[in-house]
1. What are the pairs with Cβ atoms under 6 angstrom where one residue, in region 13-41, is of a type in the set (Asp, Glu) and the other, located anywhere, is at pLDDT 95 or above? Sequence gap at least six, or different chains.
2. Output the residues belonging to region 100-116 that are more than 15 Å from residue 53 (Cβ to Cβ) and open to solvent by less than 10 Å² (accessible area, probe 1.4 Å).
3. If I ask for residues that are more than 9 Å from the ligand (Cβ to nearest atom) and either within 17 Å of residue 65 (Cβ to Cβ) or in contact (Cβ under 8 Å) with a residue 24 or more places away in the chain (or both), which ones from region 83-100 would you list?
4. Name the one entry in 26, 55, 66 that is in a helix (DSSP H, G or I), more than 16 Å from the ligand (Cβ to nearest atom) and among the acidic types (Asp, Glu).
5. Out of region 48-73, which residues are under 19 Å from residue 23 (Cα atoms), touching a residue at least 24 places away in the same chain (Cβ under 8 Å) and over 11 Å from the mean Cα position of the chain (by Cα)?
Amino acid sequence: MSTDSDCLFCKISAGVIPADIVMETESAIAFRDIDPKAPTHILIIPRSHFADVTELTQSNPNLAGELLTLASNVAKLQGLATGYRIVTNTGEDAGQSVSHVHFHVLGGRSLSWPPG
Ligand code: AMP
């Protein structure tokens, strides 16, 4: 498994920085976003370090599938039966602020479209 000692989400995965973890597997964890944008806002990350979804899918497409499955399971666990959104910001124009791939799971309110 490849990790980056300077990466915030690698530190969360290692337990060095605390997080409110809602679900975890051997290869991934789900934890609450520290600055939620919806009543339910959970981040899904792989334990291995990949900068973004492009790097992840090129290196390990099976893991990308596992992360989406975990996102779906988290949405079910959180009771988001009337709908939810999975988002992965990629690069500067999309506003990616943490360079460790993550899927946002947002729900618990009506979500507008298109996003800003
Ligand atoms: P993005 O801007 O798409 O890269 O998403 C990064 C997300 O990480 C933001 O929604 C932040 O609120 C969230 N975040 C940053 N630091 C932490 C932390 N220590 N624990 C949980 N979420 C965090």
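1. Cβ pairs passing all conditions: 20/31; 20/32; 33/41; 33/43.
2. The one that is more than 15 Å from residue 53 (Cβ to Cβ) and open to solvent by less than 10 Å² (accessible area, probe 1.4 Å): 107.
3. Step one: of region 83-100, the residues more than 9 Å from the ligand (Cβ to nearest atom) are 83-86, 91-93.
The answer is 83, 84, 85, 86, 91.
4. Sole residue among the options that is in a helix (DSSP H, G or I), more than 16 Å from the ligand (Cβ to nearest atom) and among the acidic types (Asp, Glu): 66.
5. Those that are under 19 Å from residue 23 (Cα atoms), touching a residue at least 24 places away in the same chain (Cβ under 8 Å) and over 11 Å from the mean Cα position of the chain (by Cα): 48, 49, 63, 66, 73.
The values are calculated or read from the model by the stated rules, or taken from the named source; none is laboratory data. Note that this is a predicted model, so its numbers are computed, not measured. Reconstructed Cβ throughout: ideal geometry from the backbone, glycine too, with neighbour counts over all protein chains shown. Note: areas computed on protein heavy atoms with side chains; ligands, DNA, RNA excluded. Shrake-Rupley method; radii C 1.70, N 1.55, O 1.52, S 1.80 Å.
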